[in-house]
Amino acid sequence: MTRCNRVTPFGEIVADPARGAMLGNRGVLHDADGRIRRPWSTTRWICCRLQFKGRWRQVMTPNRWTHLFFLDEAVAIAAGHRPCAECRREAYNAWRAAWARAEGLAALPSAEAMDRVMHPARIDPATRRQRTVSHPIATLPDAAIVALPDDPGGAWLVLGGTLRRWDMAGYGAARPRPASGRVGLLTPLPSVAVLAAGYRPELHPSLRAAP
């Protein structure tokens, strides 16, 4: 059975048979029958490794945190997640260092401090859905994900002078990145600042293939 636990760059939790390369956690989202009942239950949204120290638990175990899956880390970041401090400690510290550079901080921020900033940036309080903002495409860093005016239902990864269209199974169609104009920015603004400050997420191998 295909579970409803794949996350899109729009932050939607959907059912899809394609496998994800990254694991995520937003707390307990499912009921005893494995049905998603809420989009989150905590403001600590993290992105984890699929395997860590041999730990294993059945997906949708009642009363335990819900396993969520993303194509790659760029999608997880677009959906509002950040690296886990336990299973991805090196990435977490790199994220904190980039956050400090972006904000001009003298010390590395705590998880709590970052999450207090990230949650209102990721969620529109009026709709309780992921926030999308209009943003100039020319200033966006690599690994940000956007929706284009002529393809509002699609999600496109910024990569140098190219945009690559996201799909559950990988990145496909490519098109030149426009030199100007505005797009629907899916990646939350604090995370965009972290990317611009030098954080490099783990990207899906399909990007190495010819589009």
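Any read-out appearing in this document is the output of simple, stated calculations on the displayed coordinates, not a laboratory observation. The structure presented is a predicted model; accordingly, all values stated were derived computationally and were not measured. Glycine also receives a Cβ, built like all others from the backbone with ideal geometry; neighbour counts cover every protein chain displayed.
So here's what we get for this one:
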quantity: For region 4-208, radius of gyration divided by Kirkwood radius, i.e. Rg to Rh on alpha-carbons; calculated: 0.95
quantity: Estimated inter-spin distance, L189 and A126, nm [label 7 Å along Cα→Cβ]; calculated: 1.6
quantity: Mean Cα-pair separation over length for the chain, i.e. relative contact order, pairs under 8 Å, 6 or more apart, %; calculated: 21
quantity: Packing rank of 53-63, 136-146, 121-131, 78-88, where each peptide gets the mean count of other beta carbons within 10 Å, highest leading; calculated: 78-88, 136-146, 121-131, 53-63
quantity: Protection-proxy order for peptides 100-109, 150-159, each taking the mean of Cβ atoms within 10 Å per residue, highest first; calculated: 150-159, 100-109
quantity: Value of [θ]222 nm, deg cm²/dmol, for the chain, DSSP H segments ≥ 4, -39500 (n - 2.57) each, nearest 500; calculated: -6000 deg cm²/dmol
quantity: Under the Karplus curve 6.51 cos²θ - 1.76 cosθ + 1.60, θ = phi - 60°, whole-Hz ³J(HN,Hα) for region 35-47, x wherever Gly or Pro sits; calculated: 9, 6, 10, 8, x, 6, 10, 8, 8, 8, 9, 10, 10
quantity: For region 178-211 and region 79-123, distance of Cα centres in Å; calculated: 17
quantity: Estimated Rh, region 51-139: Kirkwood, alpha-carbon pairs, angstrom; calculated: 15.5
